[in-house]
Amino acid sequence: MEKYIIHGGVRLEGSVKISGSKNAALPIFAATLLTDEEVILKNVPQLSDTQTMTLLLRSLGKKVSWDTGSPGRVIIQPELKAGLVVNTKASYEIVKRMRASICVLGPLLTRYSKAEVSLPGGCAFGPRPVDLHISGLRALGADVKLIHGNIVAEAKGLLKNSATGLRRLRGGHVPVMQGRISSVLATDNILSAAVLAEGETCIENAAREPETEDLVNFLKHIGAEITQEIEDPHKEDLFHEGKSISIQRLRVKGVSKLHGGEYTIIPDRIEAGSFMSFAAITGGKLLIQNCEPKHLHAVIQIFEELGLSIQQKSSNELLVKTAGKRLKRLKRLKGIEVSTGPYPLFPTDMQALLMAVAVLAEGDTILEESIYSSRFNHVGELERLGASITLEGNKAYIHGVSALEGARVMASDLRAGAALVAASLAASGKSELRRVYHIKRGYENLLGKLKKLGAKIVLEDG
Ligand code: EPU
């Protein structure tokens, strides 16, 4: 099995190009099932999750070609002539590899009147229910059953789609996320189903994450009619964990057919945030290119509080640097208190990476995880490198230490793995990081990008 060998203590310096967003690309790939015309996607990151989605789409009857002459360009066409039946069952063999496979449920159901997707099950950082996906599709008139571990959905309404002759879902009010944390992928599934439903749909408290916004823009680009309404952020009932956030309602007017098109995926904000962590923890200086600064507002704010200097150099470039020139001269960073939350608050996907940096900060940092109940698998492994962390429910109390020492550690999920890369880059001596396949799910060429910045990191087998 592959592992990273990292010799820490090297200050990272140079420029790094951020790839396209994994979490935007996956639902957009799935949404290409909504049309029989060719879709060309650009800025698609080459990583194992997009490869898994490629296999899934192929198994459902799409022809997916990665353009070898133009990295990140993917051409998606129907394998069969429009109108012929495709496979509407997403097999357990593929779904078990990647939870985001559930994104094909809404598109298959609304385009082909039926869909069967294996239940994705739990994941490495605790239970991740799919009740919102199911109740949202039921609100659009779908008959959804759980049979032998599969979600089996059917559009049983009387109305037929004039373009396909198949039964349509019917638009309606979808209040399922009202008063709850909105789910990104449930929003994506319900939205993708609503675009071909009969009549109008209103999705309350829809996710506002930039990745869902990218799906909205893609769907509009191929002919969907969607409007976004943002509710007054100052209403008391819209507060989340004591912070005011505005709430989004999506209104969709169903159409009978969508066309093809060419679309560019947004940059990966979590990859950009990860490189901020690598700069912070190694006392480095990085020019982060091809990023979208406006998606990183909360992350920039927290890293600035930690003592990082972040300057916007152009519309898509950030210069990130720490005070000292060498790691040993780096001033210890100041302790802070942070809670994760839905966008635009601090993202849960950056929690482990922030924790790695806070481990070397001066004083105590309190980090609260408010999206997932137990996304703390990285804590024990960070402790192997010398971190001092106390867990109490969904709060981590991080007691800053002055140095970390290399050790053998293991990635338990994607972001936990990235946090261990960060900590190993700062630890003295050699670290061995196992189960790097988790990291390869979500970072394009992480090894190559880090090496270019001076990191001493190699991939080994065994
Ligand atoms: N939830 C429910 N019921 C549902 C769905 C979600 O209660 O039916 C709750 C969850 O328990 C959680 C919250 O809603 O409290 C959001 O979680 P969810 O599992 O829906 O997240 P997701 O939409 O499946 C996406 C990202 C995750 C990211 C979360 C939160 C993709 C492919 N995945 O997952 O990304 O952590 O949103 O922002 O977009 C990652 O990239 O490492 C990753 C895990």
Subject >> One residue from ARG375, ARG384, ARG435, ARG408 being basic (Lys, Arg) and within 19 Å of the chain's Cα centre (by Cα) >> reply: ARG375
Original post:
Out of the stretch 376-408, which residues are polar (S, T, N, Q) and in a strand (DSSP E or B)?
Top reply: SER388, THR390
Original post:
Does GLY165 meet the test of being farther than 30 Å from GLY20 by Cα, crowded, with 21+ Cβ neighbours inside 10 Å and away from the ligand (no atom under 16 Å from the Cβ)?
Top reply: no
Original post:
Among the residues of the stretch 82-90, is any part of a strand (DSSP E or B), in contact with a helix residue (DSSP H, G or I) (Cβ under 9 Å, 6 or more places away or on another chain) and either within 16 Å of the ligand (Cβ to nearest atom) or free of Cβ contacts under 8 Å to residues at least 12 places away in the same chain (or both)?
Top reply: yes
Original post:
If a residue has to be part of a loop (DSSP other than H, G, I, E, B) and within 16 Å of the ligand (Cβ to nearest atom) to count, how many in the stretch 168-204 make the cut?
Top reply: 9
Original post:
If you go through the stretch 20-35 one residue at a time, do you hit one that is out of contact with any helix residue (DSSP H, G or I) (no Cβ under 7 Å at 6 or more places or on another chain) and charged (D, E, K, R)?
Top reply: no
Subject >> Enumeration of residues in the stretch 266-284 that are of a type outside the set (Gly, Ala, Ser) and away from the ligand (no atom under 16 Å from the Cβ) >> reply: MET276, PHE278, ILE281, THR282
Original post:
Looking at (1) at pLDDT 95 or above; (2) in contact with a Gly (Cβ under 7 Å, 6 or more places away or on another chain); (3) not in a helix (DSSP H, G or I), can you tell me which one GLY157 breaks?
Top reply: (1)
Original post:
Which ones in the stretch 99-114 are basic (Lys, Arg), assigned to a helix (DSSP H, G or I) and more than 23 Å from the chain's Cα centre (by Cα)?
Top reply: ARG111
Original post:
Which condition does ARG269 not pass, out of (1) buried (at least 24 other Cβ atoms within 10 Å of the Cβ); (2) modelled with pLDDT under 95, if it passes all the others?
Top reply: (2)
**OP:** Could you check how many residues of the stretch 356-381 are within 11 Å of the ligand (Cβ to nearest atom) and either among the aromatic types (Phe, Trp, Tyr) or touching a Gly at 6+ places or on another chain (Cβ under 6 Å) (or both)?
**Re:** 4
Subject >> Matching residues in the stretch 338-355 - criterion: being among the aliphatic types (A, V, I, L, M) and either more than 12 Å from the ligand (Cβ to nearest atom) or not assigned by TED's automatic domain parsing to the domain that holds ILE398 (or both) >> reply: VAL338, LEU354, MET355
Original post:
Got a number for residues in the stretch 127-150 being among the basic types (Lys, Arg), over 22 Å from the mean Cα position of the chain (by Cα) and not in a strand (DSSP E or B)?
Top reply: 1
Original post:
Given (1) assigned to a helix (DSSP H, G or I); (2) within 13 Å of the ligand (Cβ to nearest atom), where does GLU93 come up short, assuming only one miss?
Top reply: (2)
Original post:
What residue, of THR68, THR50, is β-branched (Val, Ile, Thr), over 13 Å from LEU33 (Cα atoms) and not in a loop (DSSP other than H, G, I, E, B)?
Top reply: THR50
**OP:** Test each condition in (1) within 12 Å of the ligand (Cβ to nearest atom); (2) buried (at least 18 other Cβ atoms within 10 Å of the Cβ) for LEU109 and report the one that comes out false.
**Re:** (1)
Original post:
In the stretch 152-185, how many residues are of a type outside the set (D, E, K, R), in contact with a Leu (Cβ under 8 Å, 6 or more places away or on another chain) and within 21 Å of ILE222 (Cα to Cα)?
Top reply: 3
Subject >> Within the stretch 17-31, tally of residues that are more than 16 Å from the ligand (Cβ to nearest atom) and either surrounded by 24 or more Cβ atoms within 10 Å (Cβ to Cβ) or within 14 Å of the chain's Cα centre (by Cα) (or both) >> reply: 0
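The values are calculated or read from the model by the stated rules, or taken from the named source; none is laboratory data. Quick caveat: nothing in here was measured; it's all calculated off a predicted structure. Here the Cβ is made from the backbone with ideal geometry for all residues, glycine too, and neighbour counts use every protein chain on show.
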